[in-house]
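Here's the structure, in structure tokens; my notes come after.
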Amino acid sequence: MKGTLLWASAAAVAAVVAVASETTSFAAKAAPVAEAKAMKYSPMIFGHFLEHFDTQVYGGIFEPGSPLSDGDGFRKDVIEALREIKCPIVRWPGGCFVSDYHWKYGVGPEREPMWNKAWAVEDPNTFGTDEYVKWCRKVGCEPYICTNAGTGDEEEMSDWVEYCNLSVGKWGRTRKANGYEKPHDVLYWSVGNENWGRHEIGAKTVEQWGPLVRESAKMMRGTDRRIKLFAAATPDERWTLPLLHAAGYLLDYVSVHGYYVWGNSNPYLTCMMRTQRPEADILRTIGILEKAGFGGGKIGIAFDEWNLRGWYHPGLGQYKRGAVMDYAARRQNDVASIYTMADALFAACFLNTCLRHCDIVKMANFSPAVNTRGAIFAHPKGIVKRTSYHVFWMYTHLLEPNVVPVSLDCGELSDGKAKVPVLDAALTVSDDGRRRVLAVVNKSPDNAVSLDVSSLTPAASLRATVLDGDSPDAYNDIGAENRVVPRQATLAATGGKVSLAPHSLHCIMLE
């Protein structure tokens, strides 16, 4: 879209990056603005999520007896893969699972298996709070616990905080008796998960939700005032505005979720047509926060479940007589050929959006981390790093810690029904302003795009790390783990313009 400003606030534009596709001609423009200010983003936007669904936990991160697991039963290869992408935080245990999960059954030496009514499976409870926190410490990430606001209550939530963070009280002493003398110090807590949805066990009405969050927050903060509190919200003011009026003064974040295509057969171009929808969700949520008097960063946004693809689970939310849960269909989530360059480029566009709105978006959690739609596929003999995994590697290793606004003047990509800008970008800069990295996505499946970077650098050639594939539908699989991996490139800046390969992500070092 020609002249689109990729920034939500009124911040000044740092530079205009002019582009021209191979099929459409645009005049090259460059207009750096000296007063533009850099903004530091939170590394928490590169977070992940785990739920007790199919093989995410059991057979994913936790597989006692496997030759690939350590003495605690944790898959060492998965831990190392998450450490490689500097995973900062992991949300757990759900997801829909949590609204029927009672944490007290999953601690101590005598565990009680439980039947989970959301996913219609028995969970052995061998992976509970203590195992989760221990696993997070091995990964090097912060734990983020989502509480049961479905079939649970305020006291159960605050008891969980006590178990994790105190050394006094019944539950603080219980943790110590279970062999964990020091507090777990879990600082991130969410009241509920998608309690607005009829699919959710213990779903709430608008009238119920705000008061429940308020009273839960009071009890949780009454247990540990250090904690950061989230509450399940949506980009719809009919739900979120009453929540904020009732409980906003106790919240640090609102939690929103986004999945943008459903099923397992979505063409590349269909996926690209969804790349602007997360930004629309963020802008609507910002508007609600401002309307409620919590704008300007008083309450942040946590996009704590997101993915291009919604999980495939026929039967969820169908509680009527005769409805059947299709267990076999859940394994179709792990068909390797689903996860193509479309997934990688959507992920990059999503993260660019978070970077552009880093004054408000303080956390995001890719859903999930392992198996199902995860960036990592864990199987009995090893792992496969799917295309989206490499986006996280590039962003956590290559980007600088601050963002400055950037405007794109570019052509449009169409699937015949909708249109989106062919490029998406975020510009990052070092603290001292000397190093800059431009993360830019070319969504076109077939055409290279000529990018004018003359306003950003006088260099005649530029170093870049590129993620692309031999086709838009390229994917990684067992035995072909490296079909899509980042590659190093030198880009010739002929006339100040560099060529961006089709269906690609470039991290360009502006020297």
Original post:
Here are A15, A30, A11: which of them is surrounded by fewer than 17 Cβ atoms within 10 Å (Cβ to Cβ), over 22 Å from the mean Cα position of the chain (by Cα) and either under 30 Å from K117 (Cα atoms) or at pLDDT below 50 (or both)?
Top reply: A30
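Within the bounds of segment 354-371, is there any residue that is of a type in the set (S, T, Y), under 30 Å from L408 (Cα atoms) and in a helix (DSSP H, G or I)?
no
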**OP:** Please enumerate the residues belonging to segment 247-283 that are free of Cβ contacts under 8 Å to residues at least 60 places away in the same chain and assigned to a loop (DSSP other than H, G, I, E, B).
**Re:** L251, D252, W262, G263, S265
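What residue, among those in segment 389-411 that are within 21 Å of the chain's Cα centre (by Cα) and part of a loop (DSSP other than H, G, I, E, B), is nearest to P267 (Cα to Cα)?
Step by step, filter segment 389-411, then rank; the result is L399.
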**OP:** Working carefully through the options A336, A328, A302, A323, find the one that is among the aliphatic types (A, V, I, L, M) and touching an Asp or Glu at 6+ places or on another chain (Cβ under 6 Å).
**Re:** A336
Original post:
Taking only pairs six or more apart or across chains, which ones have beta-carbon atoms under 7 Å, a first residue in segment 182-211 that is within 19 Å of A246 (Cα to Cα), and a second residue that is exposed (fewer than 15 other Cβ atoms within 10 Å of the Cβ) and among the charged types (D, E, K, R)?
Top reply: V206/R238
Original post:
Do you know which residues across segment 487-500 are buried (at least 18 other Cβ atoms within 10 Å of the Cβ) and not charged (D, E, K, R)?
Top reply: L491, A493, G496, V498, L500
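For every residue, the table says whether it meets (1) among the basic types (K, R); (2) buried (at least 19 other Cβ atoms within 10 Å of the Cβ); (3) touching a Lys or Arg at 6+ places or on another chain (Cβ under 6 Å).
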residue: L244; (1), (2), (3): no, yes, no
residue: L251; (1), (2), (3): no, yes, no
residue: S255; (1), (2), (3): no, yes, no
residue: T270; (1), (2), (3): no, no, no
residue: R274; (1), (2), (3): yes, yes, no
residue: I282; (1), (2), (3): no, yes, no
**OP:** Determine whether V98 is in a helix (DSSP H, G or I) and farther than 29 Å from H397 by Cα.
**Re:** yes
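Here is a list: G202, G222. Which entry is surrounded by fewer than 21 Cβ atoms within 10 Å (Cβ to Cβ) and touching a Gly at 6+ places or on another chain (Cβ under 9 Å)?
From the options G202, G222, the qualifying one is G202.
A quick yes/no check of all residues on (1) closer than 13 Å to D130 by Cβ; (2) part of a loop (DSSP other than H, G, I, E, B); (3) touching a Ser or Thr at 6+ places or on another chain (Cβ under 8 Å); (4) modelled with pLDDT under 95:
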| position | (1), (2), (3), (4) |
| --- | --- |
| E155 | no, no, no, no |
| S158 | no, no, yes, no |
| P183 | yes, yes, yes, no |
| N193 | no, yes, yes, no |
| G197 | no, yes, no, no |
| E200 | no, yes, yes, no |
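Here's the yes/no breakdown for (1) free of Cβ contacts under 8 Å to residues at least 12 places away in the same chain; (2) buried (at least 21 other Cβ atoms within 10 Å of the Cβ); (3) assigned by TED's automatic domain parsing to the domain that holds Y253; (4) of a type in the set (G, A, S):
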| residue | (1), (2), (3), (4) |
| --- | --- |
| W306 | no, yes, yes, no |
| K320 | yes, no, yes, no |
| R330 | no, yes, yes, no |
| A348 | no, yes, yes, yes |
Original post:
Given the structure, is G128 surrounded by 17 or more Cβ atoms within 10 Å (Cβ to Cβ), within 21 Å of Y253 (Cα to Cα) and out of contact with any Cys (no Cβ under 8 Å at 6 or more places or on another chain)?
Top reply: no
**OP:** Residue by residue through segment 226-246, note down the ones that are of a type in the set (F, W, Y) and assigned to a helix (DSSP H, G or I).
**Re:** W239
Original post:
What strands (runs of 3 or more DSSP E) lie completely within segment 412-491 and have 1 or more residues being of a type in the set (K, R) and either under 22 Å from A342 (Cβ atoms) or not assigned by TED's automatic domain parsing to the domain that holds T275 (or both)?
Top reply: 419-421, 436-442, 461-467
**OP:** For residues that are surrounded by fewer than 24 Cβ atoms within 10 Å (Cβ to Cβ) and touching a Pro at 6+ places or on another chain (Cβ under 9 Å), scanning just segment 53-70, find the one that is nearest to T129 (Cα to Cα).
**Re:** Y58
Subject >> Matching residues, segment 94-117, being touching a His at 6+ places or on another chain (Cβ under 8 Å) and farther than 13 Å from W160 by Cα >> reply: G94, G95, C96, F97, M114, N116
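Answer yes if at least one residue in segment 284-298 is touching a His at 6+ places or on another chain (Cβ under 8 Å), more than 22 Å from R331 (Cα to Cα) and in a helix (DSSP H, G or I), and no otherwise.
Within segment 284-298, one or more residues are touching a His at 6+ places or on another chain (Cβ under 8 Å), more than 22 Å from R331 (Cα to Cα) and in a helix (DSSP H, G or I).
The values are calculated or read from the model by the stated rules, or taken from the named source; none is laboratory data. It should be emphasised that the depicted structure is a prediction, and the values quoted were computed from it without experimental measurement. All Cβ positions, even for glycine, are placed from backbone atoms using ideal geometry, and neighbour counts span all protein chains on display.
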